[in-house]
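Every number here is computed from the coordinates shown, using simple stated rules; none is lab data. Because the structure is predicted, anything quoted here is derived from the model rather than measured. Neighbour counts are summed over all protein chains in view; Cβ atoms, including those assigned to glycine, are modelled from backbone coordinates with ideal geometry.
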Amino acid sequence: MGVDRQVHIKDRLLGRGLAPLVQTMYDQALPEGKDELDQLVRRIGSLNAMGCDLIRFSYPDNSQKEAFAYLCSKSPIPVVADIHFDYQLALQAIDAGAHKIRINPGNIGARWKVDEVLAAAKDHNIAIRIGLNSGSLPKGSDPPAILMSNTALTYLNWFEQAGFTNTVVSLKASDEDLTIEANRRFAAQSGYPVHLGVTEAGSVVSSIVRSTWALGQLLSEGIGSTLRISITGPIETEVQAAVELLRTLGLRRRGIRIVSCPRCGRASFDSQGFLASVEQELLGIDKDLTVAIMGCQVNGPGEAKSADIAITGIGNAIFLYQGGALVRKVGLDEARDVFLEAVRNA
Ligand code: SF4
């Protein structure tokens, strides 16, 4: 194994033993108008409140430079530019204020072009991710996991020869087993931080299951300094899923852990509707709490005992529990406000 490296991305630090960071990627072209950009900055703020630490944007051409620069200056979390093929775009994104860029040196072309990008990144004190995807590797006869890992080590060697070490590496595939094997191989040979992800993982259910299966194993082994759960769906869901995975693995304390009743024939209260009405607010509350939303008297009081705040809905009323003790009964019209107030004040 190589020397453990710590990497900084603006004010965030990554490395082995440090808490993994959550990343998402904006799924549209950048808006141009200032109002729309400010709206996007507010959305990034909401993502940050949910637990997102880094956000990546495509940088497909220089027409977005002004908007990108504005976001870099206003975003509450570090901004990453995703670059393909053209090293000039990397230089422009760095000049615009990117806190990190993601490149695949193999598709940037001549090595002197990569060296120019490294020099600019060093001058601006930013990070680079070497982003390798199983679909775009150099030709080779080795099995894919070995080829991915060896390619990453070759590029890292280039970077080190240019005196650049503020580097993160990702080895992604749409095949979960390949993702696991490539990352294990790489982590056994290098101390550089790894960004984890399963690419093109599909719709919400498919991508969460597949990503959790692969990333959960790697994170449990201490592999992975940042992660993205790529979903063909809202980026808020990506962040929610990644935070939930980290919480489940005991790698993050921050955020609300939700316990909720799935409903059955005994339910006389719409726990699904109630959860839907409070979930977004709960995800934005920066506290380490367990809350329970239960649908009847069978399991409600029991779950309430192990939750910080709980409700059990029965008919047209909810029973509110704090620290396991029943404190209030209120009608459904007040239920949402009373519950959220109790969570905020807990
Ligand atoms: S809490 Fe009650 S309503 Fe909900 S699933 Fe359990 S038994 Fe059914």
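For the reader, a short list of remarks on this structure follows.
- For segment 255-345, a/c is less than 1.5, where a ≥ b ≥ c are the root eigenvalues of the C-alpha gyration tensor. That puts it in the rounded class.
- Considering only the chain, percent of DSSP beta bridges that pair antiparallel, nearest 5: 30
- Simple point charges give the picture: +1 on the Cβ of Lys and Arg, -1 on the Cβ of Asp and Glu, and for the chain a dipole about the Cα centre of about 740 debye.
- Among M25, M148, M50, the order by Cβ neighbours within 10 angstrom, fewest to most, reads M25, M50, M148.
- Those trypsin sites (Lys or Arg not before Pro) in segment 114-222 that DSSP places in a loop and that have at most 14 other beta carbons within 10 Å: K139
- Counting other Cβ atoms within 10 Å as a rough exposure proxy, the listed residues K74, K34 run K34, K74 from fewest neighbours to most.
- Note on the chain: Lys pairs 8 or more places apart or on different chains, Cα atoms under 21 Å apart, count 19.
- Shape category assigned to the chain from the gyration tensor of Cα positions, a/c cut at 1.5: prolate
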